[in-house]
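Undergrad: My questions all concern the structure below.
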Amino acid sequence: MSGYSITEPTLAQKWIAGVLVVGYALLTILPLIWIIATGFKSPSDAIAYPPKVVFEPTLEGYVNLFTTRTRMSPEALEEIGPPETWYDRIVRQYDMVISGPSRYGERFLNSVVIGFGSTFLSVFLGTLAAYAFSRFKVPLKDDLMFFILSTRMMPPIAVAIPIFLMFRQLGLSDTHLGMILLYTAVNLSLSVWLLKGFIDEIPVEYEEAALIDGYTRFQAFYKVVLPQATTGIASTAIFCLIFAWNEYAFAVLLTSGTAQTAPPFIPTIIGVGKDWPAVAAGATLFLVPVMVFTILLRKHLLRGITFGAVRK
Amino acid sequence: MAEVVLNSVSKSFGDAKAVDGVSMTIPDGAFVVLLGPTGAGKTTTLRMIAGLERPDSGDVAIAGRSVLGDTPARRNVAMVFQQYSLYPHLTVRENLAFPLRSPLIKASAEHIERRIAEVAGVLQIAHKLDNRATALSGGEMQRVAIGRALVRKPQLFLMDEPLSSLDAKLRADMRIELKRIQSDLGATLLYVTHDQIEAMTMATHVGVLDKGRLVQFGSPREIYENPASLYVATRLGQPRINTLPAGLFAGAPAGADLMGLRPEHIRIGEGREAKVTRVEHLGDQTRLHLALDGHPLVTLTDAHTPLATGDTVAVRPENPLYFAAAGTRIIQGA
């Protein structure tokens with residue numbers, strides 16, 4: 001016999017909780033749904049008032065995103081002959097022909113190189129630094145950790161001018177390397193702090209056992225600590241990637257051509273005839289890599305492999 | 001296998017002296033048990049020999065050579081940790097193979113397979129080899145941890161309470177097994193325990209630590225029969241040695257304040273009257289709890305004793321040990 005009775009939530013309470021949760025979920029996902037939907041609207045549907053919830057989907061936005069187009073006189077169009085592909089047909093409605101690919105593909109690729117490059121570097125350096133801070137007697141350890149954190153206490157863009165001048169002197173302006181180094185520098189503080197927390201949680205006994213089992217300190221780190229830190233490394237990588245992927249201000253300031261990433265490029269599409277569906281299509285596609293990356297690493301986030309092997 | 005020599009080794013953590021000037025020679029092939037309560041410096045001593053802690057002063061030599069400058073790997077010792085420390089991301093088989101795959105040994109795959117099979121057989125874990133290390137019971141984990149030490153043939157085994165999580169039957173089996181392995185290999189073994197049966201049955205030498213100092217080192221028999229102090233006398237013996245004022249019986253030497261009486265050193269049937277306060281039947285023996293002038297006293301008697309609570313018996317000491325008030329031993333006639 002238990003001395004306490006356990007109160008079950010009433011049906012009304014369950015309903016209220018359910019409605020709140022679903023309502024909140026809808027509220028947060030609504031802008032995303034709107035962006036995705038706008039990508040499949042025609043330009044006139046996209047700016048229709050009242051907004052159209054039901055519309056006839058078209059790939060016009062995506063075609064416009066990936067191409068540059070030229071308007072032609074009816075005579076010139078006559079000369080070219082009827083459109084041959086589905087995307088030709090879409091642009092022909094506006095008396096236009098496709099004159100070449102847009103720069104979206106390049107910019108997207110730049111984002112991939114810079115985003116993943118800086119994420120790899122932040123996590124790699126962050127793991128080594130976090131391990132050292134977690135395990136070794138580092139002089140002024142607390143002060144150093146605070147200093148590392150303090151680099152995030154102002155918005156990074158506050159030092160934009162010095163960085164701009166520095167990059168110009170070093171020839172790093174508008175280069176992939178420059179952007180990777182910059183995003184790594186910004187992300188490193190977050191990565192060191194997050195990873196130190198995760199590595200602190202891994203009992204030091206495992207490395208001691210490995211040291212006695214005939215391994216060097218680095219081998220013990222690599223063979224014993226790293227496999228147990230995957231959860232922390234995965235979540236840190238996701239945070240670093242999201243920052244580098246979405247960063248706008250530095251990208252506007254420091255890149256213009258070769259190394260320009262997608263975020264500063266996407267808004268420039270609007271300039272060409274208020275093409276909101278193309279902007280929405282660009283934003284939608286831009287979401288995909290981060291989502292895929294997060295889903296791929298999800299199983300590492302959920303798995304607590306260190307559970308239970310050390311008696312406390 | 002090798003002789004291990006500690007030469008006035010000290011280690012402090014902040015203000016706390018964990019080990020204080022310990023000198024000890026562990027002969028080649030010896031099975032040395034370190035006894036002492038929590039915080040006496042047993043584990044720190046092991047860790048300094050293993051190379052996981054650096055002594056503040058003093059020297060550690062293995063096989064006649066100082067190893068202070070060596071990494072743990074180079075010292076070629078195996079250690080069983082109290083917390084098992086099995087690698088959680090590996091299977092039992094991979095855990096056992098781990099030391100043999102180290103860059104120092106780099107054993108062949110067939111050799112590794114053979115050693116794992118041998119060790120798994122001895123420790124009765126063959127059926128668990130492909131389990132994840134985290135999917136084992138406490139006792140199984142502890143056996144795998146012992147196995148990980150046994151797969152190698154190191155100069156020295158260090159074991160920190162390796163049998164503490166086993167049930168009574170398994171513990172008795174493992175005790176015999178460990179002792180057999182140790183004498184078969186001629187291995188030198190340094191072993192930390194609280195368990196006096198382990199100390200008495202397995203050890204060739206016992207070292208008793210008190211607040212970081214080695215207070216006595218000798219054979220288990222010597223430690224039991226001829227303790228250097230009251231503290232050492234209380235470390236071994238079940239039930240514990242009885243402590244009484246020295247004046248309770250005649251014959252105490254000058255300067256003695258306390259008398260130590262092992263339960264088996266109390267003769268029943270003659271001497272002073274004591275009251276029976278409790279009778280514990282343990283099956284093979286019976287413990288009598290007595291009160292003598294208000295001092296509690298525990299002694300052993302035969303399993304089928306007719307004595308009951310409230311009875312009165314006469315008791316007389318036989319070969320008592322005498323101690324000064326500070327606990328130092330006072331040898332009669334010395």
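The values are calculated or read from the model by the stated rules, or taken from the named source; none is laboratory data. Predicted model, so just to flag it, every value in this text is computed and none were measured. Neighbour counts are summed over all protein chains in view; Cβ atoms, including those assigned to glycine, are modelled from backbone coordinates with ideal geometry. Accessible surface areas use protein heavy atoms only, side chains included; no ligands, DNA or RNA. Shrake-Rupley method; radii C 1.70, N 1.55, O 1.52, S 1.80 Å.
Undergrad: So, in region A:202-240, exactly how many residues are under 21 Å from B:Phe81 (Cβ atoms) and either of a type in the set (S, T, N, Q) or within 11 Å of another protein chain (Cβ to nearest Cβ) (or both)?
TA: 25
Undergrad: Can you pull out the residues in region A:1-26 that are more than 25 Å from A:Gly61 (Cβ to Cβ), open to solvent by 100 Å² or more (accessible area, probe 1.4 Å) and under 25 Å from the mean Cα position of the chain (by Cα)?
TA: Residue satisfying the conditions is A:Tyr24 alone.
Undergrad: While we're looking at this one, here's another question. Considering only region A:52-79, how many residues are open to solvent by 60 Å² or more (accessible area, probe 1.4 Å), part of a loop (DSSP other than H, G, I, E, B) and touching a Phe, Trp or Tyr at 6+ places or on another chain (Cβ under 8 Å)?
TA: 2
Undergrad: Given the condition closer than 30 Å to A:Ala229 by Cα and open to solvent by less than 50 Å² (accessible area, probe 1.4 Å), answer yes or no: does some residue in region B:54-64 qualify?
TA: no
Undergrad: What is the residue count in region B:86-120 for residues that are more than 7 Å from chain A (Cβ to nearest Cβ) and in contact with a Gly (Cβ under 6 Å, 6 or more places away or on another chain)?
TA: The total comes to 2.
Undergrad: Does region B:163-171 include one or more residues that are over 21 Å from B:Leu100 (Cα atoms), within 12 Å of chain A (Cβ to nearest Cβ) and surrounded by fewer than 16 Cβ atoms within 10 Å (Cβ to Cβ)?
TA: Checking region B:163-171: not a single residue is over 21 Å from B:Leu100 (Cα atoms), within 12 Å of chain A (Cβ to nearest Cβ) and surrounded by fewer than 16 Cβ atoms within 10 Å (Cβ to Cβ).
Undergrad: Okay, next question. Given the residues B:Arg175, B:Arg180, which is the only one that is surrounded by fewer than 22 Cβ atoms within 10 Å (Cβ to Cβ), under 16 Å from B:Gly139 (Cβ atoms) and at pLDDT 85 or above?
TA: That would be B:Arg175, the only listed residue that is surrounded by fewer than 22 Cβ atoms within 10 Å (Cβ to Cβ), under 16 Å from B:Gly139 (Cβ atoms) and at pLDDT 85 or above.
Undergrad: What single numbered condition from (1) open to solvent by 30 Å² or more (accessible area, probe 1.4 Å); (2) under 27 Å from B:Gly36 (Cβ atoms); (3) out of contact with any strand residue (DSSP E or B) (no Cβ under 6 Å at 6 or more places or on another chain) fails to hold for B:Leu236?
TA: (1)
Undergrad: Go through (1) at the interface with chain A (Cβ under 9 Å from one of its Cβ atoms); (2) open to solvent by less than 10 Å² (accessible area, probe 1.4 Å); (3) at pLDDT 90 or above and name the single condition B:Thr45 misses.
TA: The number of the failed condition is (1).
Undergrad: Regarding region B:133-140, can at least one residue be identified that is under 21 Å from B:Glu3 (Cα atoms) and either away from every other protein chain (no Cβ under 12 Å) or modelled with pLDDT under 90 (or both)?
TA: So the first thing to find is which residues in region B:133-140 are under 21 Å from B:Glu3 (Cα atoms), and the list is none.
Scanning region B:133-140 turns up no residue that is under 21 Å from B:Glu3 (Cα atoms) and either away from every other protein chain (no Cβ under 12 Å) or modelled with pLDDT under 90 (or both).
Undergrad: Of the residues that sit in region B:48-76 and are over 17 Å from A:Arg217 (Cβ atoms) and of a type in the set (Asp, Glu), which one is nearest to the other protein chains (Cβ to nearest Cβ)?
TA: Across region B:48-76, the extreme among qualifying residues is B:Asp56.
Undergrad: Suppose we keep only residues that are more than 13 Å from A:Leu285 (Cβ to Cβ) and of a type in the set (Gly, Ala, Ser) within region A:32-51. Which one would you say is surrounded by the fewest Cβ atoms within 10 Å (Cβ to Cβ)?
TA: That would be A:Ser44.
Undergrad: Out of (1) over 26 Å from A:Phe221 (Cα atoms); (2) open to solvent by less than 60 Å² (accessible area, probe 1.4 Å); (3) more than 14 Å from every other protein chain (Cβ to nearest Cβ), what's the single condition that is false for B:His127?
TA: (2)
Undergrad: Right, another one. Could you say which residue among B:Gly247, B:Gly269 is free of Cβ contacts under 8 Å to residues at least 24 places away in the same chain, over 19 Å from B:Met24 (Cα atoms) and not in a loop (DSSP other than H, G, I, E, B)?
TA: B:Gly247
Undergrad: A:Tyr248 is checked against (1) closer than 30 Å to A:Leu172 by Cβ; (2) over 15 Å from the mean Cα position of the chain (by Cα) and fails just one. What number does that condition carry?
TA: Tallying (1) closer than 30 Å to A:Leu172 by Cβ; (2) over 15 Å from the mean Cα position of the chain (by Cα), A:Tyr248 fails exactly one: (2).
Undergrad: Shifting gears a bit: Does B:Leu288 meet the test of being more than 19 Å from B:Gly36 (Cα to Cα), among the hydrophobic types (A, V, I, L, M, F, W, C) and open to solvent by less than 10 Å² (accessible area, probe 1.4 Å)?
TA: Yes, satisfied.
Undergrad: Let me confirm something: among B:Gly69, B:Gly39, which residue is at pLDDT 90 or above and assigned to a loop (DSSP other than H, G, I, E, B)?
TA: B:Gly69
Undergrad: Can you find even one residue in region A:96-109 that is within 23 Å of A:Phe293 (Cα to Cα), open to solvent by 70 Å² or more (accessible area, probe 1.4 Å) and not basic (Lys, Arg)?
TA: yes
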